[in-house]
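Trainee: Here it is, the structure, as structure tokens.
The values are calculated or read from the model by the stated rules, or taken from the named source; none is laboratory data. This one's a predicted model, so the numbers in the text were calculated from it and none came from an experiment. When we count neighbours, we look across all protein chains shown, and the Cβ atoms used for this are built from the backbone with ideal geometry, even at glycine. To get the accessible areas, we keep the full protein, side chains included, count just its heavy atoms, and leave off ligands, DNA and RNA. Shrake-Rupley method; radii C 1.70, N 1.55, O 1.52, S 1.80 Å.
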Amino acid sequence: MVRIRVLVVDDHRIFAESLAAALAAEPDVDVSAAGSGPAALRSLERAVAEGRRYDVLLVDADLGGNVPGIRPAMPVQEVGEDGLVDGISLVVGVRSAQPAVRIVVLAEKDDPRRAALALQAGACGWVAKDCSLSRLLTVIRGVLRDETHLPPALLTGVLRELTAARKHRTESERLVESLTPREREVLRCMVAGLGRKAVAERLYLSPHTVRTHMQNVLGKLGVHSTLAAVALARRAGVGPVDLGPVGRILPEESSSA
């Protein structure tokens, strides 16, 4: 019998342990539980090292705390100053590190925007926490067949959110394309969280020149703050500048000021 290895990730201990116990009663399911994003990542890494990878992750949508260094998929709308979205940030990290793992998000309530965000992050399903065990098992086995599972009541809302996200991304890409090569490099530095002085040191520019570039970037993108510029850049797929040693100029950074 092929056994399914499941990891439940939820910071509500009673819920996590109860769900794990219910799933463990199934003859073809092996299940463990983790109480946080970092604990889940450690469990996944340990499983790989021991040659017993997990097949499915069940992640609480409202997982407390954030996973250091992990950013979510491009949000449907701008989300918080740190860009992290509860347990969905964990989805991004796991999909990046172990793409073969199927991820199902467990939610207290239906939310089309967050369900769309979860799918963008790489989740295969969005399931209510109060669903029946048989329904959850159906979803677990379904995602292993590359199926995507959403509550029927969410389908219209999720499709609307995904369509809006594509529209926002297209507009954001157009705005980024209006920047000069140097302005795009400054934007990448902004995405990496660098301040004006750090950008100046990295690109061998004066702080005054960097300030001018930053003002030009904000103007061309039609935003009024660095945070808004970074959010737009992420929607357009702009990644952060390489944060190697200062003075290391990558090919994209070699353009003149």
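Trainee: Starting from the stretch 106-117, keep only residues that are free of Cβ contacts under 8 Å to residues at least 60 places away in the same chain, then list their pairs with residues that are among the basic types (Lys, Arg) whose Cβ atoms are within a distance under 6 Å, requiring at least 6 positions of separation or different chains.
Mentor: 108/129
Trainee: Considering each of 127, 104 in turn, give the residue that is assigned to a strand (DSSP E or B) and out of contact with any Lys or Arg (no Cβ under 8 Å at 6 or more places or on another chain). Talk me through it step by step, then tell me what you get.
Mentor: On the way: 127 fails: out of contact with any Lys or Arg (no Cβ under 8 Å at 6 or more places or on another chain).
Unique residue meeting the criteria: 104.
Trainee: Okay, next question. Of everything in the stretch 1-38, what is in contact (Cβ under 8 Å) with a residue 12 or more places away in the chain, part of a helix (DSSP H, G or I) and of a type in the set (A, V, I, L, M, F, W, C)? Give them in sequence order.
Mentor: So the first thing to find is which residues in the stretch 1-38 are in contact (Cβ under 8 Å) with a residue 12 or more places away in the chain, and the list is 1-13, 15-17, 19-20, 22-23, 26-38.
Imposing the further condition that a residue be part of a helix (DSSP H, G or I) reduces the set to 13, 15-17, 19-20, 22-23, 37-38.
Once the filter is applied, which keeps residues that are in contact (Cβ under 8 Å) with a residue 12 or more places away in the chain, part of a helix (DSSP H, G or I) and of a type in the set (A, V, I, L, M, F, W, C), the stretch 1-38 yields 15, 16, 19, 20, 22, 23.
Trainee: Also, I was wondering about something else. For the stretch 194-207, which residues satisfy the criterion of being touching a Gly at 6+ places or on another chain (Cβ under 9 Å) and either closer than 17 Å to residue 238 by Cα or surrounded by 19 or more Cβ atoms within 10 Å (Cβ to Cβ) (or both)? So that I can check it myself, show each step before the final result.
Mentor: Just the residues of the stretch 194-207 that are touching a Gly at 6+ places or on another chain (Cβ under 9 Å), to begin with: 201-202, 204.
Matches in the stretch 194-207: 202 only.
Trainee: Which of the residues belonging to the stretch 220-240 are basic (Lys, Arg) and surrounded by fewer than 20 Cβ atoms within 10 Å (Cβ to Cβ)? Working first, answer last.
Mentor: Keep residues of the stretch 220-240 that are basic (Lys, Arg), which gives 220, 234-235.
The answer is 220, and nothing else.
Trainee: Suppose the filter is acidic (Asp, Glu) and touching a Pro at 6+ places or on another chain (Cβ under 9 Å); does residue 161 pass it?
Mentor: On the way: acidic (Asp, Glu): yes; touching a Pro at 6+ places or on another chain (Cβ under 9 Å): yes.
Yes: the conditions hold for residue 161.
Trainee: Search the stretch 15-36 for residues being closer than 21 Å to residue 88 by Cα and out of contact with any strand residue (DSSP E or B) (no Cβ under 7 Å at 6 or more places or on another chain), and hand back the single one that is most open to solvent (accessible area, probe 1.4 Å).
Mentor: 15
Results for (1) open to solvent by less than 70 Å² (accessible area, probe 1.4 Å); (2) modelled with pLDDT of 80 or more; (3) in a helix (DSSP H, G or I), shown as yes or no for each residue.
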site: 164; (1), (2), (3): yes, no, yes
site: 170; (1), (2), (3): no, no, yes
site: 176; (1), (2), (3): yes, yes, yes
site: 209; (1), (2), (3): yes, yes, yes
site: 214; (1), (2), (3): yes, yes, yes
site: 218; (1), (2), (3): yes, yes, yes
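Trainee: Also, quick follow-up: Select from the stretch 178-193 the residues that are open to solvent by 40 Å² or more (accessible area, probe 1.4 Å) and more than 12 Å from residue 233 (Cα to Cα) and list them in ascending order.
Mentor: Initially, the stretch 178-193 is screened for residues open to solvent by 40 Å² or more (accessible area, probe 1.4 Å), giving 178, 180-181, 184, 193.
Across the stretch 178-193, the qualifying residues are 178, 180, 181, 193.
Trainee: Of the residues 50, 45, only one is modelled with pLDDT of 50 or more, farther than 21 Å from residue 16 by Cβ and among the acidic types (Asp, Glu); which? Walk me through how you get there before you give the answer.
Mentor: Values: 45 fails: farther than 21 Å from residue 16 by Cβ.
After applying the criteria, what remains is 50.
Trainee: In addition: Hey, can you tell me all the residues within the stretch 108-155 that are of a type in the set (S, T, N, Q) and more than 23 Å from residue 89 (Cα to Cα)? Before you say what the answer is, go through the steps one by one.
Mentor: We begin by selecting, within the stretch 108-155, every residue of a type in the set (S, T, N, Q); these are 120, 132, 134, 138, 148.
The answer is 132, 134, 138.
Trainee: Then there's this: Run residue 56 past the list (1) open to solvent by 30 Å² or more (accessible area, probe 1.4 Å); (2) modelled with pLDDT of 95 or more and report the number of the one that doesn't hold.
Mentor: That leaves (1) as the condition not met.
Trainee: Here is a further query. List every residue pair whose Cβ atoms lie under 8 Å apart, where the two residues are 6 or more positions apart in sequence or sit on different chains, the first residue falls within the stretch 183-198 and is on the phi < 0 side of the Ramachandran plot and in a helix (DSSP H, G or I), and the second residue, located anywhere, is among the basic types (Lys, Arg) and surrounded by fewer than 20 Cβ atoms within 10 Å (Cβ to Cβ).
Mentor: So the pair list comes out as 183/220; 196/211.
Trainee: Can you find a residue in the stretch 146-155 that is farther than 21 Å from residue 55 by Cβ, of a type in the set (Asp, Glu) and open to solvent by 30 Å² or more (accessible area, probe 1.4 Å)?
Mentor: no
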